[in-house]
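Just so it is clear, none of the values below were taken in a lab; they were calculated from the coordinates. No experiment lies behind these values; they were computed from the predicted model shown. Please note: Cβ atoms are built from the backbone with ideal geometry, for glycine as well, and neighbour counts cover all protein chains shown.
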Amino acid sequence: MRYPIPSKIVEITSATAVGHSIWLAPKEPWPSAPTPGQFAMVWLPRPPDGYKPEVCNTVPMSIAGWDNGKVRITIKNLGPTSKALLACQCGDWLGLTGPLGHGFSLDCQHPLLMGGGVGAPPLLYLAQTFAAQGIKPITLLGGTTENEIFHHDEFPGTVELATDDGSAGHHGRVTELLAESSPDRLYSCGPEPMLVNGLQWALRHQVAAELCLERYMACGIGLCGICSLDQDLVCQDGPVFSSERLADSREFGTLLREAGGRVRQLSD
Ligand SMILES: Cc1cc2nc3c(=O)[nH]c(=O)nc-3n(C[C@H](O)[C@H](O)[C@H](O)COP(=O)(O)OP(=O)(O)OC[C@H]3O[C@@H](n4cnc5c(N)ncnc54)[C@H](O)[C@@H]3O)c2cc1C
Ligand code: FES
């Protein structure tokens, strides 16, 4: 659907120190299950008690799960809108526009998933979709600390962690865990510098890769142009792009647009 459907919060789960998941029941059911990697625009129609109206922005959130019409999203505590979404309670209503964008392909027997930060939620749904087809993925998850890695205990298959402070798993970057791997496809979502490393590894090892970009979005439906990447719009042509497409990009890993269209150079 390309307009917000009133959706009731029916469950709050998987709390970490930096956020939690909510399950939403749309009043008007989505016609079919979303593809992993697709996202929804989430709108808070009324600020929770103690919050100002400015929190009523529409923000993109990946689909983290699907259960008979119920939609799961996982929210990290970042700025004003995510804080207000985390203050919502069971029984509150949000507006959900989705599913939007193009997701991951599923034609793979030995998938390797690599996620960082809020890249973990869409990969959880991807891993669960593979598991439902009898395919057990290997997943690499990274974060600043263990507390910042969403869902690591929920992934089917093998999971390896990497943390910047050494509080869990490998002490260092999640991309350093790639060295041991020989998958037939890499699926990745997270901060763009991590995706750039993943792309370089995939090209070096001639492994096909699909990368999910979490760029700034205002409308999510192809109207505002703020999410542009070269000639494409991430909200419509992505957020999942192939390694072939990104290998030719002038803007991937180098510049992006933020609120108001400001251009920001990405540093390493
Ligand atoms: C396709 C996609 C999927 C995403 N999935 C998730 C998810 O599953 N869970 C999650 O917690 N976050 C996800 N995000 C990021 C999320 O949309 C932002 O964190 C959120 O909008 C922050 O809003 P804020 O007001 O709380 O923070 P702000 O103070 O406005 O910003 C905090 C940070 O989030 C970035 N940001 C702000 N607004 C947006 C926006 N509209 N689009 C993208 N980035 C933004 C800012 O550049 C800044 O780095 C996703 C983004 C995209 C594009
Ligand atoms: S977010 Fe508006 S065109 Fe993509």
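Assuming R0 = 51 Å, can you tell me the calculated FRET efficiency for the pair Asp107 and Val263, based on Cβ-Cβ distance, to the nearest 0.05? If you can, show how the numbers build up before the last one.
Working: r = 36 Å, r/R0 = 0.71.
For R0 = 51 Å, the calculated efficiency reads 0.90.
Would you kindly state how much longer the chain becomes between Trp93 and Ala247 on full extension, computed as 0.36 nm times their sequence separation minus their alpha carbon distance, in nm to one decimal? Spell out each step's value before the answer.
Details: separation 154, 0.36 × 154 = 55.44 nm, distance 4.12 nm.
Gain in length upon complete extension: 51.3 nm.
Which value, in debye to the nearest 20, describes the size of the charge dipole of the stretch 5-100 about its Cα centre when Lys and Arg Cβ atoms bear +1, Asp and Glu Cβ atoms bear -1, and nothing else is charged?
80
Which pairs in the list Lys8/Lys83; Lys8/Lys76; Lys27/Lys76 are over 23 Å apart, alpha-carbon to alpha-carbon? Could the numbers behind the result be given before it?
Working: Lys8/Lys83 18 Å; Lys8/Lys76 19 Å; Lys27/Lys76 25 Å.
Beyond 23 Å: Lys27/Lys76.
Residue farthest toward the positive end of the dipole of the chain, with Cβ of Lys/Arg at +1 and Asp/Glu at -1: which of Ile9, Gln38, His205?
Farthest towards the positive pole: Ile9.
Over the stretch 111-265, calculate the relative contact order: mean separation of alpha carbon pairs under 8 Å at least 6 apart, over the residue count, as a percent. Provide the component values of the computation, followed by the final result.
Values: 301 pairs, mean separation 28.2, N = 155.
In percent, rounded to a whole number, it is 18.
Quick one: compute the contact order of the chain, relative version, from alpha carbon pairs under 8 angstrom and 6+ residues apart, as a percent. Present the calculation step by step, with values, prior to reporting the outcome.
Details: 624 pairs, mean separation 43.5, N = 268.
The normalised contact order for the chain reaches 16 percent.
Rg and Dmax of the stretch 1-113, using alpha carbons, in Å: what are they?
14.2, 49
I need Ser188, Ser14, Ser242, Ser32 ordered by Cβ neighbour count within 10 Å, fewest first.
Numbers: Ser188 29, Ser14 19, Ser242 12, Ser32 9.
Least crowded to most crowded, the residues run Ser32, Ser242, Ser14, Ser188.
Counting just the Cα atoms, what span does the chain cover along each of its three principal axes? Round to the nearest Å and put the largest first.
On the principal axes, the chain reaches 50, 38, 37 Å in Cα extent.
Can you tell me the dipole magnitude for the chain around its Cα centre, using point charges on the Cβ only (Lys, Arg +1; Asp, Glu -1), in Debye to the nearest 20? Present the calculation step by step, with values, prior to reporting the outcome.
Values: 19 positive and 28 negative charges, 155 e Å.
Dipole size: approximately 740 debye.
Charges at C-beta only: +1 for Lys and Arg, -1 for Asp and Glu. How large is the resulting dipole of the stretch 47-92 about its Cα centre, in Debye rounded to 20? Show your work: numbers first, answer last.
Numbers: 5 positive and 4 negative charges, 29 e Å.
In total the dipole reaches around 140 debye.
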